[in-house]
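S.K.: One structure, pasted below without further comment.
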Amino acid sequence: MAVAPPSPIANFDSRLQLLIEAVVDYAIFVLDPGGHVASWNRGAQKLKGWTRDEIVGRHFSVFYPPEAVATGWPQEELRRAARDGRFEDEGWRVRKDGSRFWANVVITALREPDTGELSGFAKVTRDLSERRRHEEALRASEEAFRLLVNGIADHGIFMLDAEGNVRSWNRGAELIHGYTGSEIMGRHFGIFFSSQDRAAGKPERELALARADGRFEDEGWRVRKDGSRFWGRVLVTPIHGSSGQLAGYAKVTQDLSVQRKIADLERSTRRMNEFLAMLAHELRNPLAPIRNAVTIMQKLDEQLPAPVQRMRDVIDRQLTQMTRLVDDLLDVSRLTTGKIKLRCEPVDMSEVVARSVETVRPLIEGRAHALSVEVPPGPHPVHGDPTRLAQVLQNLLVNAAKYTAEGGRITVTLRRPEGSIEVSVADNGRGIAPEELEHMFELFAQGATGLSPTATDTGLGVGLALARTLVQMHGGSMSAHSEGVGKGATFGFRLPLAPVRPSASA
């Protein structure tokens with residue numbers, strides 16, 4: 001009796017079962033209508049950790065975290081699959097050892113072909129943990145980049161679409177331009193330009209040049225929300241998609257208004273210094289022959305009538321004042337250009353005091369001031385430039401003589417605080433208002449309070465500024481003190497004490 005060959009359907013079912021069993025990257029198994037595992041392939045064992053003998057007959061809710069089981073989510077999945085014929089989801093699932101993995105699941109309702117009765121469910125599970133890790137890392141990177149860009153406050157960084165409309169907006173852009181994100185989003189970036197620039201097509205030209213050259217960089221005036229202008233540096237870069245099509249533009253804006261003002265001030269200061277140097281040199285030329293004429297007239301003292309002698313002495317005093325002003329101008333010019341050089345050597349400050357007093361004595365005596373000099377005995381050594389130190393003290397003495405009424409009192413004092421030497425010049429003159437004290441050493445600063453200046457009180461307001469700078473170049477400091485208007489003033493400077501070198505005989 002011949003044996004009948006297997007039916008084609010039986011062969012197909014057998015091969016399908018072998019195929020399902022051979023798949024190891026997907027968990028493929030069947031559930032009965034109540035959700036109990038009825039079949040189990042090798043991929044399911046590899047993914048979830050249970051063997052066929054361990055899992056068949058158990059409810060599939062064992063694959064879900066406790067919180068999902070508590071909400072009835074496994075039964076909800078079966079209900080939706082039975083209702084719609086298919087259900088797909090992604091979420092956390094649990095292995096046999098308790099570890100979790102991110103899974104994609106597809107549940108398909110199985111029905112009897114003749115009656116349509118539900119006979120169970122086919123479930124396919126795929127492990128997407130690696131993909132999720134990549135996605136999480138990408139999201140974290142994008143979030144970190146977003147926070148970084150948004151945290152930049154001194155650069156406006158934002159995106160434009162292909163037509164130039166704003167699509168993103170960081171904190172720096174808000175601070176620079178004045179618009180919040182909700183106010184500017186979707187508006188054309190031409191709003192940042194003046195009406196003249198918009199009429200000239202400058203916004204469109206920026207984008208066209210960026211497309212043509214791969215980037216566009218420029219500096220110019222831009223407009224804030226309140227209508228004020230700022231000097232900005234902009235960089236526009238086109239952004240292309242994966243297929244090469246233009247997706248939009250990245251734009252970076254930096255407010256350089258402060259830097260521009262500083263540059264303008266530097267140029268103005270440089271021009272002023274050049275003018276001062278030229279003015280001082282030009283003024284020195286006519287002073288030389290006037291000084292020669294006065295010197296000749298002084299030699300003819302007995303031959304000149306008394307009125308001429310008085311006029312000669314006036315010219316001499318004013319010429320001395322003019323020469324000092326010109327020298328101050330030259331020194332200011334040298335200071336601002338860094339051309340003053342100190343010729344330092346061991347210096348006894350008592351000698352500097354004596355020389356300075358003798359130089360200024362004619363001015364002091366001419367105003368009938370009582371002068372007192374208090375210098376303790378012994379050497380008072382510093383390391384410095386004797387000429388420049390004498391210039392500092394002479395400036396203080398001239399300042400005291402100028403701003404003290406005739407018949408006043410001036411006191412020069414040298415002290416030896418610990419590790420330093422201090423020289424001060426005190427007077428009982430017009431004094432200084434408290435609000436002016438901190439400005440006394442600024443260039444071209446002159447006190448506005450006190451007595452009206454006389455002819456000999458005129459000046460440029462550079463002497464104290466020059467004196468303080470020279471003292472600082474010696475590593476020292478300068479101070480000013482006054483009890484107020486009409487109560488006199490004290491100016492002093494302190495220098496580091498230099499060690500006394502032993503003499504050869506010692």
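Bear in mind these aren't lab numbers, they're just calculated from the coordinates by the rules spelled out. The model shown is predicted, which means the values in this text are computed figures rather than measured ones. Here the Cβ is made from the backbone with ideal geometry for all residues, glycine too, and neighbour counts use every protein chain on show.
S.K.: Please give the net charge around SER482, taking every other residue with its beta carbon less than 13 angstrom from that of SER482, where Lys and Arg add +1 and Asp and Glu add -1.
M.R.: Net local charge, SER482 excluded: -3.
S.K.: On full extension of the chain, what length is gained from GLN472 through VAL314, given 0.36 nm per residue of separation minus the C-alpha to C-alpha distance?
M.R.: 53.3 nm
S.K.: Here is a follow-up. Mind checking Rg over Rh on region 261-326, alpha carbons, Kirkwood formula for Rh? Walk me through the numbers on the way to the answer.
M.R.: Working: Rg = 18.2 Å, Rh = 14.2 Å.
Rg/Rh for region 261-326 comes to 1.29.
S.K.: Continuing with the same structure: Restricting to DSSP loop positions (anything but H, G, I, E, B) with no more than 13 other Cβ atoms inside 10 Å of their own Cβ, which chymotrypsin sites (Phe, Trp or Tyr not before Pro) remain in region 135-187?
M.R.: Here no chymotrypsin sites (Phe, Trp or Tyr not before Pro) fit, given the DSSP loop and packing criteria.
S.K.: Fewest to most neighbouring Cβ within 10 Å: what's the order for ILE340, ILE176, ILE296?
M.R.: Ranked by crowding around the Cβ, least crowded first: ILE296, ILE340, ILE176.
S.K.: Please arrange LYS251, LYS402 by how many other C-beta atoms lie within 10 Å of their C-beta, fewest to most.
M.R.: Working: LYS251 24, LYS402 20.
Arranged by neighbour count, lowest to highest, LYS251, LYS402 become LYS402, LYS251.
S.K.: If r is the Cβ-Cβ distance from ARG284 to SER182 and R0 is 60 Å, what FRET efficiency results, to the nearest 0.05?
M.R.: 0.35
S.K.: Computed FRET efficiency, Cβ-Cβ of ASP84 and ASP161, R0 45 Å: what is it to the nearest 0.05?
M.R.: Values: r = 39 Å, r/R0 = 0.86.
With R0 = 45 Å, the Cβ-Cβ based efficiency is 0.70.
S.K.: In debye to the nearest 20, how big a dipole does region 261-326 give about its Cα centre with +1 on each Lys and Arg Cβ and -1 on each Asp and Glu Cβ?
M.R.: 180
S.K.: Give me a comma-separated list of calculated 3J(HN,Hα) values for region 410-427, in order, Karplus coefficients 6.51, -1.76, 1.60 applied at θ = phi - 60°, integers in Hz, x for any Gly or Pro.
M.R.: Along region 410-427, the couplings run 10, 10, 9, 10, 10, 10, 10, x, 4, x, 8, 10, 10, 10, 10, 10, 10, 9 Hz.
S.K.: In what sequence, highest mean first, do 491-499, 355-363, 266-274, 389-397 appear when ranked by Cβ atoms within 10 angstrom?
M.R.: Result, highest mean Cβ count within 10 Å first: 389-397, 491-499, 355-363, 266-274.
S.K.: Which order results if ASP313, ASP53, ASP328 are arranged by neighbouring Cβ count within 10 Å, fewest first?
M.R.: With the sparsest Cβ surroundings first, the list reads ASP53, ASP313, ASP328.
S.K.: Another question, then. Treat every Asp and Glu Cβ in the chain as -1 and every Lys and Arg Cβ as +1, leave all other atoms uncharged, and give the resulting dipole magnitude about the Cα centre to the nearest 20 debye.
M.R.: For the chain, the charge dipole is close to 620 debye.
S.K.: Which loop-located GluC sites (Glu not before Pro) does region 111-170 contain, where loop means any DSSP state but H, G, I, E or B and the Cβ has at most 15 other Cβ atoms within 10 Å?
M.R.: Values: sites: GLU117, GLU130, GLU135, GLU136, GLU142, GLU143, GLU163; in loops: GLU117, GLU163.
The qualifying sites are GLU117, GLU163.
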